[in-house]
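Heads up: the structure comes next, in structure tokens.
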Amino acid sequence: GLWQLRVLDGQFPDFNRIIPKQTQAAMTVDRAALLSAVKLVAPVARDNQNITRLTLNGPTLTVRAATGTETAETTVTVDPIRGEDGYTWALNNTYLRDAIDAYHGSRVTLESSGVASPSMVHDGDTRSGVQIVMAMSTPR
């Protein structure tokens, strides 16, 4: 086949602006357990703009999706790094699943600098390959 290349003129967007510098909440969790929990609530999340809420309470993370008539909820044991009890992430289920699934280590770390800010997902042991999952705006 024939390849055609073209040099693009311009400046690449500053991706560092969306990577949080400091975080309010962070936890490390077993990758397979979190992935399983996110997949479990996915069918209900699909019916509500694909929103999945993760709420940190000490060593317990509640993974929940709800519509007006259905609720799917499960819990996962985590290693909380920082954050107040009740801290909640609202993330797109598909994007969160893809971010978790991209890693093959035993643990992932999820960090956030605020409920309306992007969250970072990275390898729980090496902090390599940081992925950003944008927060979803949701009514309480």
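When ALA32 is tested against (1) within 16 Å of GLN131 (Cβ to Cβ); (2) surrounded by fewer than 19 Cβ atoms within 10 Å (Cβ to Cβ), only condition (1) is not met. Restricting attention to region 35-55, the residues that are open to solvent by 40 Å² or more (accessible area, probe 1.4 Å) and outside any helix (DSSP H, G or I) total 4.
Filter region 105-140 for residues that are among the basic types (Lys, Arg) and over 19 Å from ASN50 (Cα atoms); which is most open to solvent (accessible area, probe 1.4 Å)? Per the stated criteria, the residue is ARG127. State whether the residues of region 105-113 include one that is of a type in the set (D, E, K, R), within 18 Å of THR23 (Cβ to Cβ) and free of Cβ contacts under 8 Å to residues at least 60 places away in the same chain. No; the residues of region 105-113 include none that is of a type in the set (D, E, K, R), within 18 Å of THR23 (Cβ to Cβ) and free of Cβ contacts under 8 Å to residues at least 60 places away in the same chain.
To keep it simple, each residue is scored yes or no on (1) farther than 25 Å from GLY58 by Cβ; (2) of a type in the set (S, T, N, Q); (3) modelled with pLDDT under 90.
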residue	(1), (2), (3)
LEU91	no, no, no
ASP101	yes, no, no
HIS104	yes, no, yes
THR109	no, yes, no
SER113	no, yes, yes
SER117	no, yes, yes
ILE132	yes, no, yes
ALA135	no, no, yes
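For region 1-60, the candidate set comprises residues that are acidic (Asp, Glu) and free of Cβ contacts under 8 Å to residues at least 60 places away in the same chain; within that set, the residue that is nearest to THR74 (Cα to Cα) is ASP47.
Of all the listed residues (THR23, THR67), the sole one being at pLDDT below 95, more than 24 Å from SER117 (Cβ to Cβ) and of a type in the set (Ser, Thr, Tyr) is THR67. Taken over region 1-20, the criterion of being open to solvent by less than 100 Å² (accessible area, probe 1.4 Å) and either within 18 Å of SER113 (Cα to Cα) or touching a helix residue (DSSP H, G or I) at 6+ places or on another chain (Cβ under 8 Å) (or both) is satisfied by ASN16, ILE18, ILE19, PRO20. Residues in region 72-82 that are out of contact with any Lys or Arg (no Cβ under 7 Å at 6 or more places or on another chain) and open to solvent by 40 Å² or more (accessible area, probe 1.4 Å): THR75, THR77, ASP79, PRO80, ILE81, ARG82. Can we say SER117 is under 18 Å from MET136 (Cβ atoms), small (Gly, Ala, Ser), out of contact with any Lys or Arg (no Cβ under 8 Å at 6 or more places or on another chain) and in contact (Cβ under 8 Å) with a residue 24 or more places away in the chain? Here the answer is yes, as SER117 does meet what is asked.
Taking the condition of being outside any strand (DSSP E or B) and surrounded by 13 or more Cβ atoms within 10 Å (Cβ to Cβ), how many residues in region 83-104 meet it?
Residues that pass the stated criteria total 12.
The values are calculated or read from the model by the stated rules, or taken from the named source; none is laboratory data. Since we're looking at a predicted model, the values are computed, not measured. Methodologically, a virtual Cβ is constructed for each residue, glycine included, from the backbone with ideal geometry; neighbour enumeration extends over all protein chains shown. Side chains are part of the model used for accessible areas, which takes the heavy atoms of the whole protein and leaves out ligands, DNA and RNA. Shrake-Rupley method; radii C 1.70, N 1.55, O 1.52, S 1.80 Å.
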